[in-house]
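Right, one structure below, let's go through it.
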Amino acid sequence: MKFIGNIIWLLLGGIITSIEYVISSLILMVTIIGIPFGLQTLKLALLALWPFGSKVTDTGNSGGCLNVIMNVLWLIFGGFCICLTHLLFGLLLCITIIGIPFGKQHFKMAGLALTPFGKSIT
């Protein structure tokens, strides 16, 4: 079922979302300061490609000082808007019974979009 869910996800917008995250990542990586943020958008692109069966886990150093500072900067400069977008799509999809599994995937992406530093996708 995960495979079928991922195929439907890709056909109904997952591939477009992933491409948008990759383009954003490349734009962020133009400057040295933007490289860590570009790496986090690549993490979102990976999750947008294959969300069913993927898990977002905390790494061992998720409470480190640098991760906290980077997450705060991420929130200020766009992470909050990305999170709200995924929450909105998740709520819209959860209106119907068929859309609930896809809404759950958007909620997973919203959690990663809120604080991506110190998290990994398995």
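Return the calculated 222 nm mean residue ellipticity for the chain, to the nearest 500 deg cm²/dmol, obtained by summing -39500 (n - 2.57) across DSSP H runs with n ≥ 4 and dividing by the residue count. Helix-only estimate at 222 nm: -19500 deg cm²/dmol. Among 101-112, 28-39, 79-90, the peptide with the highest mean count of other Cβ atoms within 10 Å heads the list, and the full ranking is 101-112, 79-90, 28-39. Relative contact order of the chain, taken over Cα pairs closer than 8 Å and 6 or more residues apart, is 29 percent. Once a ≥ b ≥ c are taken as the square roots of the eigenvalues of the Cα gyration tensor of the range 15-71, is the result rounded (a/c under 1.5), prolate (a/b larger than b/c) or oblate (a/b not larger than b/c)? Cα axes put the range 15-71 in the oblate bin. Only one of [x] 7.3; [y] 6.8; [z] 11.8 was calculated from the structure for mean projected area of the Cα convex hull in nm², and its label is [x].
Computed over protein heavy atoms with a 1.4 angstrom probe, the accessible surface ordering of Thr96, Thr59, largest first, is Thr96, Thr59.
For the peptides 13-26, 42-55, the ranking by packing is 42-55, 13-26, with the highest mean count of neighbouring Cβ atoms within 10 Å listed first. Taking amide H as placed 1.01 Å from N in the peptide plane, Lys119 has its amide H under 5 Å from the amide H of Thr59, each at least 5 places away in sequence or on another chain.
The values are calculated or read from the model by the stated rules, or taken from the named source; none is laboratory data. Owing to the predicted nature of the structure, the values given are computational and were not obtained by experimental measurement. Here the Cβ is made from the backbone with ideal geometry for all residues, glycine too, and neighbour counts use every protein chain on show. The area values use the complete protein model at the heavy-atom level, side chains included, leaving out ligands, DNA and RNA. Shrake-Rupley method; radii C 1.70, N 1.55, O 1.52, S 1.80 Å.
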